[in-house]
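> The following block contains the structure, expressed as structure tokens.
Rule-based calculations on the coordinates, nothing more; no lab input. Predicted model, so just to flag it, every value in this text is computed and none were measured. Here Cβ is always computed from backbone atoms with ideal geometry, including for glycine, and neighbour counts include all displayed protein chains.
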Amino acid sequence: MWDNSTWGTSTINAVIEHQHAQEGLPTSGLSTTPFFERARLYALGRVASGCGYVLFIDIEKCQELGIEQYRVNTLVHHPAVPEDDEVILVAPSGDISEQVVVKVERVCADVQPHSR
């Protein structure tokens, strides 16, 4: 067993599974980070090429809409990526409303000079 997991279905088990199973498995939570550079890294993907988008989310609006927030570094003894300071958002309906997005920023990988 990982960390402080429990037997059966529980919130802590869901948080642990969500953040440790980073192989693209579907979960009901949306991973977020308060750090722009970490968000940029995920927006650009493992290869860090091309462009992607970073969404800025209003945490107070999330609270108003009843969206649960689970801070991984607080709940999990050994987070998979502690530098993310990951917060998993889970909406009661399963869908996170666009109302929580306050800004969208396009990010692109740095252009590397061609070598000759």
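> Toward the positive end of the charge dipole of the range 32-108, about the Cα centre and with charges on Cβ (Lys, Arg +1; Asp, Glu -1), which of 89, 55, 108 goes farthest?
108
> Can you figure out the FRET efficiency of residue 61 with residue 108, using R₀ = 22 Å and their beta-carbon distance, to the nearest 0.05? Please list the in-between numbers first.
On the way: r = 28 Å, r/R0 = 1.26.
Taking R0 as 22 Å, the efficiency between residue 61 and residue 108 is 0.20.
> Would the range 32-108 count as rounded, prolate or oblate if I go by the C-alpha gyration tensor, calling it rounded below 1.5 in a/c and otherwise prolate when a/b exceeds b/c, oblate otherwise?
Verdict is oblate for the range 32-108.
> Roughly how many debye, to the nearest 20, is the charge dipole of the range 32-108 about its Cα centre, given +1 on each Lys and Arg Cβ, -1 on each Asp and Glu Cβ, and no other charges?
That gives a dipole near 300 debye.
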